[in-house]
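Each reported figure results from applying straightforward, stated rules to the coordinates on display, with no laboratory input. Quick caveat, the model's predicted, so the values are computed rather than measured. Reconstructed Cβ throughout: ideal geometry from the backbone, glycine too, with neighbour counts over all protein chains shown.
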Amino acid sequence: MEDQAATLREMARQRFTSVGAESAATAAAEASALEGLSVPRVFTITSGKGGVGKTLVCANLALCLASAGKRVLILDADLGLANIDVVFGLDSEFDLSHVIKGEKSLCDVIVPAPGGVRIIPAASGDEELANLDDNGRLNLFAQFEALEAEIDYLLIDSAAGISKNVIFFNLAAQAPIIVATPEPTSITDAYAVIKVLSQDHGARHFYLIVNRARNEKEGREVYETLLRVSDRFLKSVMIECLGVLPEDTRVNRSIRSRKPIVMLEPAAPVSRAFQELSQRIGGLPARDTNEGYPGFLRGRSLLQTR
């Protein structure tokens with residue numbers, strides 16, 4: 001088993017490809033092969049440390065997938081400190097707190113966002129929502145099943161860290177996509193998330209996006225660091241780097257304007273990187289890579305088998 005895990009990790013190293021290095025034609029061919037599958041692809045965008053650009057990554061990836069004709073829904077799962085609607089320049093009247101309280105259905109709180117994306121906003125400063133219990137999560141996922149036929153991708157923008165809600169949403173998705181920057185604290189906390197999800201909850205497959213890198217070399221170093229540590233201390237864990245997003249000062253302007261960078265500056269290097277990264281994500285397997293459950297149904301299975 002350990003030899004097999006080492007082989008998988010070596011394959012991951014060899015597959016390291018900076019965003020833009022893999023041709024759009026190859027990614028499109030991989031995606032078209034999966035077109036007939038009806039189960040939506042579900043990915044959690046997460047991080048160990050806050051402030052690494054996780055929500056911005058989620059918003060821009062969603063826009064890029066939507067521009068390719070995919071039906072994309074974002075769930076703001078940073079319960080209690082939500083801001084995906086702010087990133088899109090939206091003011092939401094209703095949010096997940098109204099669903100949890102039984103005042104609205106999930107469909108009632110879905111908000112159309114620019115670029116053809118739809119979002120499910122959460123509340124900011126709501127302690128009850130931030131401490132959602134198992135029954136609340138189960139009721140939430142029960143409503144998600146009705147949306148399966150309406151979307152191609154569900155991107156879950158989770159909170160940072162290793163709280164119960166963060167762990168649940170990471171396990172309920174097909175696979176976690178971890179966002180990290182070259183800062184040592186970000187790398188350390190990214191490893192902490194991988195460690196908890198793998199050792200305590202059996203997750204084995206992780207994707208990595210390196211954000212705010214000065215160049216490809218710096219991004220590769222982040223990836224190699226995480227691989228070295230996981231090789232030493234974790235068993236049967238595979239980490240694949242989806243790509244590197246470059247540092248770009250124009251992102252700060254997009255934040256202030258409440259307009260994602262791929263819409264504000266579509267020709268910027270980071271915007272092109274997002275487009276190419278979305279093509280790689282489009283070529284990922286449509287089925288779950290950790291436990292075998294389809295995305296939406298897995299959330300219910302996690303709770304019902306406890």
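Which peptide among 73-84, 106-117 comes first, and what is the full order, when sorted by highest mean count of other Cβ atoms within 10 Å?
Averaged packing, sorted descending, gives the order 73-84, 106-117.
Quick query: amide H of LEU79 versus all other amide H atoms, modeled in the peptide plane; which residues come in under 5 Å with a sequence gap of 5 or more or a different chain?
Placed amide hydrogens put ALA159 under 5 Å from LEU79.
Residue by residue through the stretch 200-208, which ³J(HN,Hα) values in whole Hz follow from phi under the Karplus form 6.51 cos²θ - 1.76 cosθ + 1.60 (θ = phi - 60°), with glycine and proline marked x?
9, 10, x, 5, 10, 10, 9, 10, 10
Given R₀ = 41 Å, FRET efficiency for SER236-ARG258 by Cβ-Cβ distance, to 0.05?
The calculated FRET efficiency here is 0.45.
Using r as the Cβ-Cβ distance of SER105 and GLU247, and R0 as 35 Å, what FRET efficiency do you calculate, to the nearest 0.05?
The value I calculate is 0.25.
I'd like the distance separating the alpha-carbon centroids of the stretch 156-215 and the stretch 112-147, in whole Å.
Spelled out, the Cα-based centre of one part sits 20 Å from the other.
Show the residues, 5+ positions off or on another chain, whose built amide H is closer than 5 Å to the amide H of ILE119.
ILE74, VAL111, ALA113
Cross-link partners among lysines for LYS49, C-alpha distance below 21 Å, same-chain residues fewer than 8 apart left out?
Partners found: LYS164, LYS195.
Which lysines have a Cα lying under 26 Å from the Cα of LYS70, excluding residues fewer than 8 positions away in the same chain?
LYS54, LYS259
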